[in-house]
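Notes for the one structure printed next.
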Amino acid sequence: NSQAINFGYTASDFNTFVDRCKILNNTIINTELQAIFLGHVNYGRIKDSVISGNIVSNSGHAPYSFFRAENCSIFNSIASNFNGSFELCNAKNCFVTNNVIQKSATGQGIKLTNVSSSTIANNTVIDNYWHQINLISGCIGNAVVGNIASNGTEATATGIKVDDSSSYNNSIVGNTCNNNVKYGFNMGGSENTVTGNIAVGNGVNFYTTAP
């Protein structure tokens, strides 16, 4: 399959609105692109939806991609042996909890872009090539809590990274980042709360460029 579950990827789907959708307990193996792709980066919306209990392996691109999501919950799912990253983009008030994201051959574990007021909690994000959890840009007011983000293998791999000054007022609390090649925590942005975390065996356990 190119993609197993898709709402909004192609031009004809740009204005797709997905509300109160449930995607539950699927096993998806050997997709050419994303396994589950919901929304489009600039158009449409996914809202008030639940994605839970899914198992994805051997996807050729991001195992899960969610764009323009509101009030969605993604939990108790597994992704392993894939290319790319778990992606949440242009989203707000979402919950990404209790997932296992592991063994990306080329990308990151969980990649967040323009995400606000969301919770990333109690995920196991390990053995991914690059950063395990990355708040890239425009991430505001999120809680990143109780995650394990370890064993990044690329030369600049980081456990949890806040990438630039457009990401602020995030809480990075009670996470464990061990054995990443470059950094355990790399904190850019501003006015972020970073407390109660554990970092052991990283190239540098804690690094900040924040003012």
For Lys22, go through the aspartates and glutamates and keep the ones whose alpha-carbon is under 17 Å away, minus same-chain ones fewer than eight residues off.
Asp48, Glu70
For Thr176, distant residues with modelled amide H under 5 Å away:
Asn147, Ile148, Ala149, Ile198
At a threshold of 8 angstrom on Cα-Cα distance, excluding pairs fewer than six apart, so keeping six or more, what relative contact order does the chain reach in percent?
11 percent
Keeping all protein chains in position, work out how much accessible area Leu38 exposes to a 1.4 Å probe, and write it in Å² to the nearest 10.
0 Å²
Probe 1.4 Å, all protein chains in place: accessible area of Phe185 in Å², nearest 10?
10 Å²
List the pair-distance distribution P(r) of the chain, using every Cα-Cα distance, as the percent of pairs falling in each 5 Å bin from 0 up to the bin containing the longest distance, rounded to whole percents.
2, 8, 17, 21, 21, 16, 9, 5, 1, 0
Report in % the part of the accessible area of region 50-191 that belongs to carbon and sulfur, leaving out ligands and nucleic acids; probe 1.4 Å.
48 percent
What figure in square angstrom, to the nearest 10, would you give for the accessible area of Tyr207 with a 1.4 Å probe?
90 Å²
What accessible area per residue comes out for the chain, rounded to a whole number of Å², with a 1.4 Å probe?
40 Å²
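The values are calculated or read from the model by the stated rules, or taken from the named source; none is laboratory data. This structure is a prediction, so every number in the text was calculated from the model and none was measured. In case anyone asks, the SASA skips ligands and DNA or RNA and just uses the protein heavy atoms, side chains included. Shrake-Rupley method; radii C 1.70, N 1.55, O 1.52, S 1.80 Å.
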